[in-house]
Amino acid sequence: MRTPPRFDRGHTDDLMTFLASSPTPYHAVASAAERLEKAGFRQVSETDAWDGSLGGKFVLRGGAIIAWYVPEGADAHTPFRIIGAHTDSPNLRVKPRPDSGAHGWRQIAVEIYGGPLLNSWLDRDLGLAGRLSLRDGTTRLVNVDRPLLRVPQLAIHLDRNVTSDGLKLDKQRHLQPVWGLGDDVRDGDLIAFLEEEAGIPAGEVTGWDLMTHSVEPPAYLGRDNDLLAGPRMDNLLSVHAGTAALVSVAGAADGLPYIPVLAAFDHEENGSQSDTGADGPLLGGVLERSVFARGGSYEDRARAFAGTVCLSSDTGHAVHPNYAERHDPTHHPRADAGPILKVNVNNRYATDGSGRAVFAAACEKAGVPFQTFVSNNSMPCGTTIGPITAARHGIRTVDIGVAILSMHSVRELCGAKDPYLLANALAAFLEG
């Protein structure tokens with residue numbers, strides 16, 4: 001067993017940098033790839049033939065990244081140890097015809113992605129970021145990280161019942177942000193603006209995947225700076241911890257009994273059914289090609305998958321001090337008390353007893369405490385990529401994460417130490 005890790009604020013500082021530089025899934029995988037390349041990993045193309053060379057490699061596809069490290073001594077049937085996470089977060093995304101407006105206000109037409117806490121998007125200074133597809137078939141990332149948009153809330157004088165009846169928002173009518181003044185709304189205004197921002201010649205953008213984000217940076221909070229407030233912790237906190245864990249293990253991976261893997265998917269917040277989602281073929285294809293590139297057969301692939309374990313790392317619910325009755329009365333995960341093990345007997349989470357033993361062993365090895373989360377029986381339980389990964393690939397999967405407050409808000413809250421504790425537990429898991 002390792003000595004319990006002493007809190008390194010540098011990890012949380014780096015998480016804050018990662019969150020700020022990753023307003024979209026496309027930026028998140030670019031940030032992760034940059035960290036991997038600095039550690040000696042190299043990108044491989046899915047359209048090229050792969051070789052069985054040792055060392056670190058990664059595949060980028062849209063808003064997803066799969067990275068792995070083949071250590072010296074690995075056989076074709078060597079099992080994998082996978083950290084699974086997702087790169088997307090609930091937000092407001094730009095429609096195909098974005099330019100709109102009324103009554104002298106210029107607006108941007110948006111669609112609701114995932115299940116955001118809608119009220120948290122009101123009266124926020126919002127930026128705009130995403131991926132632009134160009135006429136020549138290439139793509140370009142864009143990030144307008146300054147106050148550009150705002151969804152203005154209706155004044156209380158015009159809705160006197162809001163204090164008694166609660167805020168009621170119509171997703172179509174009440175969440176379209178403003179970004180200027182004028183009645184001369186023309187198709188193409190927003191894209192022309194973004195072409196100029198990105199230094200792209202006019203008329204070259206033919207497609208886009210754009211989304212809003214709060215421009216308020218992550219920050220330490222509280223009397224003792226023991227809390228962390230920031231955007232997209234669900235689930236970039238896990239992507240960052242997984243990347244850090246893979247990099248740390250790869251530095252001394254030779255002789256490991258497993259091949260460590262990071263699998264960060266897009267589209268978890270709307271069901272994972274895409275070519276970059278956990279319910280798509282990306283992970284299985286990458287793992288199989290790794291086996292075959294090392295001279296393996298289908299039998300080797302079957303042996304490797306049978307011995308593989310995945311930790312599905314996603315944020316979970318810390319007990320809320322103002323709503324404690326919404327939680328299970330005997331399971332109250334607390335901030336900065338270590339990562340949580342998620343359990344649901346109806347398979348909303350993939351954890352079973354054997355999976356618990358794997359995670360407990362990793363935490364013990366790392367000297368990290370852990371907690372257990374179950375939902376209140378009277379309330380529905382959310383889900384993760386865990387059950388999807390287990391069912392699609394036949395891989396033993398365990399659901400874990402960090403306990404936070406304000407999940408799906410534009411700005412979430414966790415203990416400042418928990419991201420560091422999670423990264424230590426993930427590194428111990430990858431080591432086996």
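The values are calculated or read from the model by the stated rules, or taken from the named source; none is laboratory data. Worth saying up front: this structure is predicted, and the values here are computed from it rather than measured. Glycine gets a Cβ as well: all are built from the backbone with ideal geometry, and neighbour counts include every protein chain shown. Just the protein is used for accessible areas: all its heavy atoms, side chains included, with ligands, DNA and RNA removed. Shrake-Rupley method; radii C 1.70, N 1.55, O 1.52, S 1.80 Å.
Got at least one residue in the stretch 281-297 being farther than 24 Å from residue 385 by Cβ, of a type in the set (S, T, N, Q) and open to solvent by 40 Å² or more (accessible area, probe 1.4 Å)? Looking for residues that are farther than 24 Å from residue 385 by Cβ, of a type in the set (S, T, N, Q) and open to solvent by 40 Å² or more (accessible area, probe 1.4 Å), one finds at least one in the stretch 281-297, hence yes. For the stretch 68-79, the criterion of a residue being surrounded by fewer than 17 Cβ atoms within 10 Å (Cβ to Cβ), more than 21 Å from residue 126 (Cα to Cα), in contact (Cβ under 8 Å) with a residue 40 or more places away in the chain and in contact with a Ser or Thr (Cβ under 9 Å, 6 or more places away or on another chain) is satisfied by no position. The listed residues are 124, 81, 93, and the only one of them that is within 25 Å of residue 162 (Cα to Cα) and modelled with pLDDT of 95 or more turns out to be 124. Here's a check for you: in the stretch 379-397, which residue that is closer than 30 Å to residue 20 by Cβ and not hydroxyl-bearing (Ser, Thr, Tyr) is surrounded by the fewest Cβ atoms within 10 Å (Cβ to Cβ)? So, considering only residues that are closer than 30 Å to residue 20 by Cβ and not hydroxyl-bearing (Ser, Thr, Tyr), the one surrounded by the fewest Cβ atoms within 10 Å (Cβ to Cβ) is 382. Of the strands (runs of 3 or more DSSP E) lying entirely inside the stretch 88-192, those carrying at least 3 residues that are over 27 Å from the mean Cα position of the chain (by Cα) are 91-102, 105-113, 178-181. In the stretch 410-432, how many residues are part of a loop (DSSP other than H, G, I, E, B) and buried (at least 20 other Cβ atoms within 10 Å of the Cβ)? Summing the residues that are part of a loop (DSSP other than H, G, I, E, B) and buried (at least 20 other Cβ atoms within 10 Å of the Cβ) in the stretch 410-432 gives 3.
Residues of the stretch 1-36 that are part of a loop (DSSP other than H, G, I, E, B) and among the hydrophobic types (A, V, I, L, M, F, W, C): 1, 7.
Within the bounds of the stretch 37-56, is there any residue that is part of a helix (DSSP H, G or I) and open to solvent by 30 Å² or more (accessible area, probe 1.4 Å)? For the stretch 37-56, residues part of a helix (DSSP H, G or I) and open to solvent by 30 Å² or more (accessible area, probe 1.4 Å): present. Tell me which residues, restricted to the stretch 108-144, are touching a helix residue (DSSP H, G or I) at 6+ places or on another chain (Cβ under 8 Å), of a type in the set (A, V, I, L, M, F, W, C), under 16 Å from residue 174 (Cα atoms) and open to solvent by 10 Å² or more (accessible area, probe 1.4 Å). If the condition is that a residue be touching a helix residue (DSSP H, G or I) at 6+ places or on another chain (Cβ under 8 Å), of a type in the set (A, V, I, L, M, F, W, C), under 16 Å from residue 174 (Cα atoms) and open to solvent by 10 Å² or more (accessible area, probe 1.4 Å), then 112 is the only one that fits.
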